[in-house]
Amino acid sequence: MKIAIDGPAGAGKSSIAKLVARQLGFIYIDTGAMYRASALYAIENGIEICEKSFTKEVLDRIKIDIEYDEDGQKIILCGKDVSKRIREADVSIGASNIAVIPAVRLKLVELQRELAEGHDVIMDGRDIGTYVLPDAELKIFLTASSDERAKRRLKELHEKGQTADFEQVKRDIEYRDKNDSEREFAPLRQADDAILVDTTTMSIDDVKNCILKLAKEKM
Ligand code: DC
């Protein structure tokens, strides 16, 4: 069984997907982490994020591996664990910018489909229900108001001991929403057969239970 969760930045997709995966014994695949790792490669190697930079030769040098342990998914970029670094603000914006480039998307979508092949998976991203796994049995479009999403992101940063400005966090989220929805190739969009879940006033537990109920109905 495949479950696709799409939605804008900070809607809680990865937190929810991890909980649901654990409960159902499914593999969780965080596709945003792959765009983030590709953006980090560009940042660390002084590569400008634009279409002409990502030739086949450059793409072949970006080696992304996913490892699983009891804490979830680890992202390994060219042999180095970058799971923490890819969560920083410069990488978030870089990921949204690199995700516009079709050659990058094609490479990552191939990897995502390979990882999903033959397993029960819950995969989150922007184009999972519309493009990566169009035959997923359950598709959820998870959203929340941009104020609420910025509030959650800020709380997450504070919990990690980082300081950030609410307005800046909200601006970054809104920039990514626009960039991710307006790109030409596989933009962020609710699939026609996806169920919309607006989590603005819901707790994590409420969202988890709602998705588990939907998944069990499909099973
Ligand atoms: O889910 P995230 O915030 O980790 O994703 C980072 C960026 O990667 C997001 O702004 C757009 C891009 N992305 C994408 O275009 N398609 C996906 N399936 C997942 C992420």
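The values are calculated or read from the model by the stated rules, or taken from the named source; none is laboratory data. Keep in mind the model is a prediction, meaning the values are calculated, not measured. Quick reminder, even Gly has a Cβ in these numbers, built from the backbone with ideal geometry, and neighbours come from all protein chains shown. In case anyone asks, the SASA skips ligands and DNA or RNA and just uses the protein heavy atoms, side chains included. Shrake-Rupley method; radii C 1.70, N 1.55, O 1.52, S 1.80 Å.
Points to keep in mind about this one:
- Pick from segment 96-120, criterion within 11 Å of the ligand (Cβ to nearest atom) and of a type in the set (Gly, Ala, Ser), ranking: surrounded by the fewest Cβ atoms within 10 Å (Cβ to Cβ): Ser96
- Test: residue in segment 121-139 that is in a helix (DSSP H, G or I), closer than 18 Å to Asn179 by Cα and open to solvent by 30 Å² or more (accessible area, probe 1.4 Å): yes
- Residue check, Ile49 within 13 Å of the ligand (Cβ to nearest atom), part of a helix (DSSP H, G or I) and β-branched (Val, Ile, Thr): no
- Residue list for segment 175-219, restricted to those being open to solvent by 50 Å² or more (accessible area, probe 1.4 Å), of a type outside the set (Val, Ile, Thr) and under 22 Å from Asp135 (Cβ atoms): Phe185, Arg189, Gln190, Asp192, Asp193, Leu196, Lys213, Lys216, Glu217, Lys218, Met219
- Those residues of segment 134-152 which are among the hydrophobic types (A, V, I, L, M, F, W, C) and over 20 Å from Ala9 (Cβ atoms), in sequence order: Ala136, Leu138
- Residue pairs whose Cβ atoms lie under 6 Å apart, sitting 6 or more positions apart in sequence or on different chains, and linking a residue in segment 172-189 that is closer than 9 Å to Ala9 by Cα and more than 8 Å from the ligand (Cβ to nearest atom) to a partner that is assigned to a loop (DSSP other than H, G, I, E, B) and not hydroxyl-bearing (Ser, Thr, Tyr), are Ile173/Ala9; Ile173/Gly10; Asp177/Pro8.
- Qualifying residue in segment 58-65 (condition: assigned to a loop (DSSP other than H, G, I, E, B), buried (at least 17 other Cβ atoms within 10 Å of the Cβ), of a type outside the set (Ser, Thr, Tyr) and within 16 Å of the ligand (Cβ to nearest atom)): yes
- Per-region count, segment 1-24, residues within 10 Å of the ligand (Cβ to nearest atom) and over 17 Å from the mean Cα position of the chain (by Cα): 0
- Flag for Ser14 being buried (at least 24 other Cβ atoms within 10 Å of the Cβ), under 21 Å from Glu67 (Cβ atoms) and among the polar types (S, T, N, Q): no
- Unique match (being more than 10 Å from the ligand (Cβ to nearest atom) and among the β-branched types (Val, Ile, Thr)) among Ile93, Ile27: Ile27
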